[in-house]
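Heads up, the thing below is written out as structure tokens.
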Amino acid sequence: MLKKLSLPTPHTILLIITAAVTLLTWFVPAGKYDTLKYNATSKQFEKTHLEVTENLPGTQETLESLNIKIPLDKFVSGGIYKPISIPGTYNQLETNSQGFIDLVKAPIKGIIASSDIILFVLILGGMIAIMNFSGAFDAGIASLASSLKGREYWLIIVVTTLVALGGTTFGLAEETIAFYPILIPVFLAAKYDAIVALACIYIGSSIGTMCSTVNPFSVIIASDSAGINWTTGFTGRLLMLIGGVIICLIYIIRYANKVQKDASKSIIFDQKEMIENLFGSSTDANQKLNGRLRLILVIFALCFVVMIYGVSSLGWWFEEMTAVFLVGAIIIGILAKIKETAFVNTFIKGATDLLSVAFIIGIARGVSVIMESGLISDTLLYNASTITEGMPKGIFANVMLFIYSGLSFFIPSSSGMAVLTMPIMSPLADTVGVGREVIVNAYQYGMGLFAFINPTGLILASLAIVKIGYDKWLKFVLPLVLILTIFTMIVLTIQVYL
């Protein structure tokens, strides 16, 4: 009987969560910290208390007077560009409970706020459809499957490692949505299931961002906000990354080998035919790649190279990434000699196929909308910051780990979490006699661990592309999360006593 139970669709799960957070605004007191932002034009600080903003001199003395132990140059250089919370300024406010109308409007506001990501997903869907129509994709998969025969495990190692490297260096996360429609057919051709493809991409990204080494959107901005150099604690995070990737690879390969030897061992065996019909290659395995199809595949690959280079080196974001895929689709359509009418219809059909994913992204953002409107984010932060007073440093580090895991449910953005919490949390390290890099590490590891299952993060959108239920993902990944949690707690404890 229990085996027949399954969770609702991702959309329903997120709407239930939004309703629960709306209810939370009736019970959690509203509150807000004062914030500080540096205005590069006037070279002054803007201090906001409730709705009132005052200008303060842009000097180190101003920061010290506000008990903010962050060098001025972090603000001047643009390292900290978002408003930060000012320690000791929490004010409890009149409850701003959210009602039924707010609940109904939250997903709509979330979709509007996520319009850049949503458009990226839709354009990506159109491009994938054009690739499939050209025939180059199927032919390339058939050729790759043939060349990897007997060495399919290298596919797991290479994909997971490369995605993890992207995560640890520039925060490769939302961009991985582009990889699923491309790589799932490759993994299916290697006799794996879609869970293996999902794991290599999503777990690779999650372990990489969890153990960020030079990622400007997490470790650098968090270190800046904590008032320390981002290189402090670098060696520990690098060792953590290596250990975490090895654990993830062993876990994925063990499962993949079982599925490859016996398809019935797959967690999603009941969906095998449906997923293979949706993603499997229909091309004759003996088909040869001709020059035109090879050129199309090169253009297709270059789109990702350009995207990654733009994000990591040129400061690009979703507007530029979307433009790359749109131009790529047009070039591929021309090379494949697709008629204009067929191109437009195919492109629109591909975009429609990912519309469900786009809605999930918007609805998930709606949870944050309710949190912000209900003014409970700062209240949760304030209460979390009081829990650790007087703790031994080993316990302190691990409690901070779980506090950040919990907070990431409400604040899934790594940069948002850093600027909101670091000025408040990092001074706690001074009170127990540990370096502030311990707080930075706890922030990264805590958010990263919960990211494997966080329904307000990217996992539901990823599952929607792969057509796998959240319950089946939990069945697959929870043992790995437990292993990584134990490993992380041991590493954190060792680090504070070294």
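Descriptive notes on the structure:
- Remark: pairs (first residue in the range 65-77, over 14 Å from A226 (Cβ atoms); second residue open to solvent by 40 Å² or more (accessible area, probe 1.4 Å) and of a type in the set (G, A, S); Cβ separation under 8 Å; 6+ apart in sequence or on different chains) = V76/A40.
- Take the conditions (1) crowded, with 23+ Cβ neighbours inside 10 Å; (2) within 23 Å of the chain's Cα centre (by Cα); F170 misses just one of them, which is (1).
- Identity of the residue in the range 380-404, β-branched (V, I, T) and at pLDDT 90 or above, that ends up farthest from V104 (Cα to Cα): I395
- Residue selected from the range 311-352 under the condition free of Cβ contacts under 8 Å to residues at least 60 places away in the same chain and of a type in the set (D, E), by the criterion nearest to E175 (Cα to Cα): E320
- Checking the stated criteria, I247 turns out not to satisfy the condition of being under 30 Å from R436 (Cβ atoms), assigned to a loop (DSSP other than H, G, I, E, B) and open to solvent by 20 Å² or more (accessible area, probe 1.4 Å).
- Failed item, numbered, when P412 is tested on (1) part of a helix (DSSP H, G or I); (2) under 30 Å from V104 (Cβ atoms); (3) touching a helix residue (DSSP H, G or I) at 6+ places or on another chain (Cβ under 8 Å): (1)
- Given (1) among the polar types (S, T, N, Q); (2) within 30 Å of T488 (Cβ to Cβ); (3) open to solvent by 40 Å² or more (accessible area, probe 1.4 Å), number of the condition S356 does not satisfy: (2)
- In the range 424-437, residue nearest to R237 (Cα to Cα) [restricted to those that are in contact (Cβ under 8 Å) with a residue 60 or more places away in the chain and open to solvent by 10 Å² or more (accessible area, probe 1.4 Å)]: E437
- Within the range 435-498, helices (runs of 4 or more DSSP H) holding 1 or more residues that are modelled with pLDDT under 90 and over 25 Å from I221 (Cβ atoms): 459-466, 470-497
- Residue in the range 54-73 that is loosely packed, with under 14 Cβ neighbours inside 10 Å and either farther than 26 Å from D430 by Cβ or at pLDDT below 85 (or both) present: yes
- Of the residues making up the range 391-399, none is among the β-branched types (V, I, T) and under 20 Å from I80 (Cβ atoms).
- Only one of the numbered conditions (1) among the small types (G, A, S); (2) modelled with pLDDT of 85 or more; (3) open to solvent by less than 40 Å² (accessible area, probe 1.4 Å) is not met by G79, and that is (2).
- Matching residues in the range 458-498 - criterion: being open to solvent by 10 Å² or more (accessible area, probe 1.4 Å) and closer than 13 Å to I203 by Cβ: L458, L478, P479, V481, I483
- The set of residues from the range 391-405 being open to solvent by 40 Å² or more (accessible area, probe 1.4 Å) and touching a residue at least 24 places away in the same chain (Cβ under 8 Å) comprises M391, P392, K393, F402.
- Residues located in the range 298-355, provided they are at pLDDT 90 or above, aromatic (F, W, Y) and farther than 26 Å from L460 by Cα: F343
- Highlighted here are the helices (runs of 4 or more DSSP H) found entirely within the range 186-231 that include at least 1 residues which are surrounded by 24 or more Cβ atoms within 10 Å (Cβ to Cβ) and touching a strand residue (DSSP E or B) at 6+ places or on another chain (Cβ under 7 Å): 221-226.
- K105 fulfils the conditions (1) of a type in the set (K, R); (2) open to solvent by 70 Å² or more (accessible area, probe 1.4 Å); (3) over 30 Å from L295 (Cβ atoms); (4) assigned to a loop (DSSP other than H, G, I, E, B) except for a single criterion, (4).
- Matching residues, the range 368-381, being under 13 Å from L93 (Cα atoms) and either without any contact (Cβ under 8 Å) to a residue 12 or more places away in the chain or open to solvent by 10 Å² or more (accessible area, probe 1.4 Å) (or both): S373, L375, S377, D378
- All positions within the range 82-98 that are buried (at least 17 other Cβ atoms within 10 Å of the Cβ) and either closer than 24 Å to N39 by Cα or under 26 Å from the mean Cα position of the chain (by Cα) (or both): P83, I84, S85, I86, P87, T89, Y90
- Residue in the range 358-367 that is in a loop (DSSP other than H, G, I, E, B), in contact (Cβ under 8 Å) with a residue 40 or more places away in the chain and under 20 Å from the mean Cα position of the chain (by Cα) present: no
- Count - residues of the range 18-52 that are open to solvent by 60 Å² or more (accessible area, probe 1.4 Å) and on the phi < 0 side of the Ramachandran plot: 11
The values are calculated or read from the model by the stated rules, or taken from the named source; none is laboratory data. If you're wondering where the values come from, they're calculated on a predicted model, not measured in any experiment. Cβ: placed from backbone, ideal geometry, glycine included. Neighbour counts: every protein chain shown. To get the accessible areas, we keep the full protein, side chains included, count just its heavy atoms, and leave off ligands, DNA and RNA. Shrake-Rupley method; radii C 1.70, N 1.55, O 1.52, S 1.80 Å.
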